[in-house]
Amino acid sequence: MATERRPIHLAVALGLTTGIYAASLAAVTGLQAASERATAADRAPVAAALAGLIDANDLLGGGIDARVAGLDSAVGGYEALAARIASIETRINTLGGAVGRVQVGVGQVGYGLSTASTAGGGSVVRSSSGSIVRSSSGSSSSSGSSGGSVAAAVRPVALPSVSTTVVHTTTPPTQATTSASGKP
């Protein structure tokens, strides 16, 4: 039998090809890693700036949330104040009605009049303006009427009306002046 010859040259060729392929892959991987490192180094300032922007945005968002919470609190305070003002307005209106009833009652009894004694023992009724209205002796100094009772000659004094309107205004602050030129 003849001995078989083995193709060693094929094994050597296959081994050399595999080695060359592995070396070329290693070289490409090395070049690619170097390129990625250079790209990452070029992008590092941008990444740092982007991280700073993200942090600033988060800080700004937190500040806005705090302001919104403060405004919500202020709105609650203003709503409570508005309810309190409405209650006060109701009380003012009630007081205005009571003042109106008092004015009517005072007008019926002659508010604003005072009596003074005269030398003859009679009394003189004077209005709040100071004019003589009626004397108890039946004569009148300035009203021109005579006879009857003092109450019949008394005319009620009109009182100023009470306004229950509430006006809400804001006035700018004023500054006092200390010299004739008007400068502070």
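Extension gain residue 64-residue 79, at 0.36 nm per residue separation less the Cα-Cα distance, in nm? Working shown, then result.
Numbers: separation 15, 0.36 × 15 = 5.40 nm, distance 2.22 nm.
Using 0.36 nm per residue and subtracting the Cα-Cα distance, I get 3.2 nm.
Mind ordering 81-87, 97-103 by average Cβ neighbours within 10 Å, highest first? Before the final figure, lay out each step's value.
Working: 81-87: 10.4, 97-103: 13.0.
Descending packing order for the listed peptides: 97-103, 81-87.
From the residues 34, 54, 96, which one has its Cα farthest along the dipole of region 13-109 in the positive direction, the dipole being from +1 and -1 charges on Cβ of Lys/Arg and Asp/Glu about the Cα centre?
After comparing all options, I get 96.
Spelling out what I want: for every residue of region 38-51, take phi, set θ = phi - 60°, compute 6.51 cos²θ - 1.76 cosθ + 1.60 (Karplus), and round to whole Hz; glycine and proline get x.
Residue by residue, region 38-51 yields 5, 5, 5, 5, 5, 8, 4, x, 5, 5, 5, 5, 5, 5 Hz.
With label points built 7 Å along Cα→Cβ from the Cα atoms of residue 11 and residue 25, find their separation and express it in nm.
Roughly 2.3 nm, to one decimal.
Throughout, read-outs are computed from the coordinates displayed, never taken from laboratory work. Source: prediction; values computed, not measured. In this analysis, Cβ positions are derived from the backbone assuming ideal geometry, glycine residues included, and neighbour counts consider all displayed protein chains.
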